[in-house]
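Remarks on the structure that follows.
The values are calculated or read from the model by the stated rules, or taken from the named source; none is laboratory data. Keep in mind that what you see is a predicted model, and the values were worked out from it rather than measured. Here the Cβ is made from the backbone with ideal geometry for all residues, glycine too, and neighbour counts use every protein chain on show. Accessible surface is based on the protein model in full, side chains and every heavy atom, while ligands, DNA and RNA are left aside. Shrake-Rupley method; radii C 1.70, N 1.55, O 1.52, S 1.80 Å.
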Amino acid sequence: MTLLVNGQRHTVDVEPTTPLLYVLRNDLDLSGPRFGCGLGQCGACTVIIRGEAVRSCVRPVSQSQNVEITTLEGLATNGQLHAVQQAWIDEQVPACGFCQNGQMLTAKVLLDKNPNPTDAQIREGMKGTLCRCFSYYRINAAVKRAAQRRA
Amino acid sequence: MSAPSRRAFLKTSGLMVASVAAVSVTGVEAFLQRGATPAAGPYPDVDHLQLDSWIVIRPDNTATFFVGKTDLGQGTGTAFRQIMADELDIAFDKTTCVMGSTDVTVDQGGSGGSDALQTDGYPMRRVAAEARRVLLDMAAAQFGVPVTALTVSDGIVTTSDGARRVTYGELIGGKKFNVTLTGRNIDSTTGRAPLKSVQAMKNVGKSPQRDDIPAKVNGTQRWAVDMKVPGMLHARNVRPPLVGATLKSIDDTSVKDVPGLVKIVSRGNYVAVVCEREEQAIRAARQLRCEWTPPASRPFPASDDLFTYMRSTSPSSVGEPVVEGDVSAALAGAATVLEARYDVPFQGHTSFGPAHALADPSNGQLTIYSNDMKSYGMRTGVAQFLGIPKEKVRVVWMQGPQAYGRTAAEDAGFEAAFLAHELGRPVRMQWTRQEESGWDTKGPAYAVTMRGALDGRGQVIALDFDARAADFNHVGYNEADTVLIAQLMGQRKAQPARGRASYPSDKYGIPNRRMAGSVVPMPLAWETPVRMGNLRDPDGPQATFASESFIDELAVAAKADPVAFRLALIERSTADDSGFKRARSIACLKAAAEKFGWDPRPAPKARGTGEIAVGRGVAYAFRSQTVAAEIVEVEVNRRTGRIWVKRIVCAHDCGLVINPEALTRTLEGGLLHSVSRALYEEARFDGTKMLSVDWVSSPTLTHADVPERIDIIQVNGDPNPARPDLPHYGAGETVCKPMLAAVANAVFDATGVRMRRLPLTTTRVLESLRA
Ligand code: FES
Ligand code: FES
């Protein structure tokens, strides 16, 4: 099976039903996407496919071929952090940081679709991405900061 | 990847050779990046009485601090660098900090009790000050001048005339200090140098960015979940489907088509599958057919009947009450007597990342890669559990998901260790979401009865707090005989832990007061997912929910403003403690009220008729020496029952603040965690199994609930003018205490309805509004 991840092609030999998450983590040794529930409920495993935030824990690897997959590791370009990442550092968002892969990628997709979201739109757009350190307030601020940065 | 031990590091870097051998910088870097050479072991305790155990200075004038704490996302690692850099007099950005790996850092116990700065910060400061003293002595000898003729800044020592200079790196880089420290225990470790005054500390009170954040943002962080070693296997547990069930048989044939299956391991009621690949282990765990015999009796009541059960069950132990005056007499003769019951359910840690660990038995030793905040305890506990010398075990602490107390990370660590030991191969254990939500340790449920009395002038003359905590058999940290795997294997502690009921913490001056508590057992003490363990504070939120809600009820009965009522109660007593908590309590309440723009009036607010009812609530508590006063504004939707905590103000006094920005974020997270506990969290079960097993059945606060505004006021006012050196107390857990009551008090203010059973779900709100 061939996967296109962060601009690189990888061939892996796994059962087609294997969730993409485990292939990214175990075969491609990526640490951005993480296991949080395996049920599509938390967002820890988020990757970006075709401009959408996709939960890789419930997506079989067989359905992930021939599409560009972006993980947290692929968000920066030419060593330059993405505006969302920079905003996350400027706001000092992460507590433990375990959920922040999902937070940042979800925020990136949100901003790609809506460059200038209101508070209410951020709440709505981010609400399926959980954080048990409850860094939500700072994430909200960081999304707005990233929006400004991109404007 | 694997981490070399400190010993290996010292060997390769030349530091083992007494005094003069030069350090190989690559050795240091290899260590700091957890380089490629695995340490052979054994792994003796790191000697806390050697200065070299704490501080390494390199020829390039950079320093690395080795401390026995862990950082769970509060930025303590950065704060340690700030205080140690200050005492050492080296530039902050020339320092790094290594934490919590048992073979390279002294045993400061890992994290817990919000004591990182309050307790452990002091030996760190003292050893850094001692290193500075030794370095200045060396410079004085080199220059042939007295130490008093030297100044030091950013690791550069200069003679007063400015003629000569030398860096710390030039003085000692690559060599050992060989300085012996003193101290009866690690907390009291000290050299001869005095500490600096707070005023002389440059980095304290500043907010350098947390050093762990960039890697967590750019994707380069290697977490404990990312650890991989050659030949590593993947394991999953198979838990009893009914709590208390006994394993009758395992049908091996049910998984014979699973590729990569290495072994089915079972011992007592503990069952796990081990496979070559992770998805194979997931499949094997799902597919394995086990026959279980249901328990003869129910392991627990249904959670909906919990409080009836708790109030009608004989206590297993009764705590020592704290008594002042004569509550019964005062109640009997009072103008107004109030009584109310408050119920807080079991609530879980419910970590965002299910528990995990990797254990590697290479070289006849055992290395465990874990995010458990108490790595040292895990080392000792695992050694005891497996019956191997603890010198053979080391725990490498790595970053992980949130952990606020005794979490399932410990259980997973023991399981990985057991399986690796059994199979003789590295094993990675990963819990599922259902295990994490269902089987992690829980904060105990509380059923509290409050009674209070007012005299004819509305003064509180009596207050009685009587708690029942479902805390029997409270699980300790990394105990070889209470970790889940030991329980499932049938091990039983001779004496189960009795548990306890916590009392409220406030400075109210009430002439007749009693605080009493007892513990009630659940029917099944062992092998149960209703295992109590420390959860953030640990029981302060439960006790404070009752006490601070009830103070509000008394204020309502006295037709008094709830802030003024509390202030008057505190001001009624004139005695203060050595930490001036009474004065600091007053300062925090006033600061919070001022920031909020609190206009004095009794609750509830005049009732509007619209769909949205708005109200405000206050509550306050302290923990150890740290005080927090909290005010929230809520919106209650009368149609949907939804509560939105729209605004939070928290005035917080933890003494000297090392890193204000990091503190603010830690407090924001703690406040919202408590809002989550107030509104959503409950570990639910029927009579046979847990029902709260994922994020749908076990809801948590989400982005949808983010307050419009959170204001944190760092009060930190020491009213003692004779004490310029304000101590640094602990921060983090205190803010979790008042919030549950603050929210319920605000709901009362908004609606006139008093809610005494948590969480304040939409269903409960609607029922209360209708009643
Ligand atoms: S791990 Fe995929 S959504 Fe939780
Ligand atoms: S930062 Fe810890 S779970 Fe979100």
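Accessible area buried by the pairing of B and A, both sides summed with a 1.4 Å probe, works out to roughly 4800 Å². Taken about its Cα centre, chain B carries a charge dipole of about 320 debye when Lys and Arg each add +1 at the Cβ and Asp and Glu each add -1 at the Cβ. Once the Cβ-Cβ distance of B:Ala302 and A:Leu39 is raised to the sixth power relative to R0 = 25 Å, the FRET efficiency obtained is 0.50.
Take the residue pairs A:Lys127/B:Lys737; B:Lys202/B:Lys737; B:Lys374/B:Lys737 and return only those whose Cα atoms are more than 28 Å apart. Check vs 28 Å cut-off fails for B:Lys202/B:Lys737. Near B:Ala480, no amide H atom lies under 5 Å from its own; only residues 5 or more places off or on other chains count, and H is placed 1.01 Å from N. Using the Cβ-Cβ distance between B:Asp45 and B:Thr246 with R0 set to 51 Å, the FRET efficiency works out to roughly 0.80. Binning the alpha carbon pair distances of the stretch B:381-520 at 10 angstrom intervals from zero yields the distribution 10, 30, 25, 16, 12, 6, 2, 0, expressed in whole percent.
Kindly identify the stretch A:2-74 as rounded, prolate or oblate by the Cα gyration tensor criterion: order the square roots of the eigenvalues as a ≥ b ≥ c, call it rounded if a/c is under 1.5, otherwise compare a/b with b/c, prolate if a/b is larger, else oblate. Rounded is the answer for the stretch A:2-74, as its axis ratio a/c remains below 1.5.
Taking θ as phi - 60° and the Karplus parameters 6.51, -1.76 and 1.60, the scalar couplings of the stretch B:617-629 work out to x, 10, 7, 8, 6, 10, 9, 6, 9, 9, 10, 9, 10 Hz in sequence order, x denoting glycine and proline. Taking the Cα of B:Arg723, stepping 7 Å toward and past its beta carbon, and measuring to each backbone N in the stretch B:653-685: which are under 20 Å? Hits in the stretch B:653-685 for B:Arg723 at 20 Å: B:653-659. Within a straight-line Cα-Cα reach of under 19 Å, B:Lys216 can be paired with the following lysines, leaving aside sequence neighbours fewer than 8 residues apart in one chain: A:Lys108, B:Lys228.
In chain B, Cα pairs under 8 Å separated by at least six residues give a relative contact order of 13 percent. Size of the stretch B:603-644 from its Cα atoms: along the principal axes, largest to smallest, the extents are 43, 20, 9 Å. P(r) tail for the stretch B:532-636: Cα pairs beyond 24 Å make up 29% of the total. Helical runs assigned H by DSSP (4 residues or longer) give chain A a calculated mean residue ellipticity at 222 nm of -9000 deg cm²/dmol, each run adding -39500 (n - 2.57) before division by the residue total. Between B:Ala564 and A:Asn114, the simple label model (points 7 Å from Cα in the Cβ direction) yields a spacing of 4.4 nm. Based on DSSP H segments of at least four residues, each scored -39500 (n - 2.57), chain B has a per-residue ellipticity at 222 nm of -8500 deg cm²/dmol.
Compactness of the stretch B:17-221, taken as the C-alpha radius of gyration over 2.2 N^0.38 Å, stands at 1.01. Computed on the Cα trace of the stretch B:76-121, the radius of gyration divided by the Kirkwood hydrodynamic radius gives Rg/Rh = 0.97. For the stretch B:166-173, backbone phi angles converted through the Karplus equation (6.51, -1.76, 1.60; θ = phi - 60°) give residue-by-residue couplings of 8, 8, 4, x, 5, 6, 9, x Hz, Gly and Pro being listed as x.
Computed from backbone phi, the HN-Hα couplings of the stretch B:759-771 come to x, 7, 6, 4, 4, 5, 5, 4, 4, 5, 5, 6, 5 Hz, rounded to whole numbers (Karplus: 6.51 cos²θ - 1.76 cosθ + 1.60, θ = phi - 60°; Gly and Pro given as x). For the stretch B:63-146, the ratio of Cα radius of gyration to the globular rule of thumb 2.2 N^0.38 Å stands at 1.19.
Computed over the protein assembly as shown, the range of Cα coordinates on each principal axis works out to 81, 81, 65 Å, biggest value leading.
With the convex hull drawn over the C-alpha atoms of chain A, the volume per residue is 101 Å³. If I take R0 = 41 Å and measure r between the Cβ atoms of B:Ala332 and B:Ala494 in this structure, what FRET efficiency does the formula 1/(1 + (r/R0)^6) give, to the nearest 0.05? FRET efficiency, B:Ala332 to B:Ala494: 0.40.
Assign unit charges at the C-beta atoms only (+1 for Lys and Arg, -1 for Asp and Glu), then state the dipole size of the protein assembly as shown relative to its Cα centre in Debye, rounded to the nearest 20. Walk me through the numbers on the way to the answer.
On the way: 106 positive and 97 negative charges, 116 e Å.
Roughly 560 debye, rounded to the nearest 20.
Both radii come from the Cα set of the stretch B:561-770: Rg as radius of gyration, Rh as Kirkwood radius; their ratio Rg/Rh reads 1.01.
For chain B, the normalised intensity computed at q = 0.05, 0.06, 0.07 Å⁻¹ comes to -0.28, -0.41, -0.55 (log10 of I(q)/I(0), Debye sum over alpha carbons, equal scatterers, no solvent).
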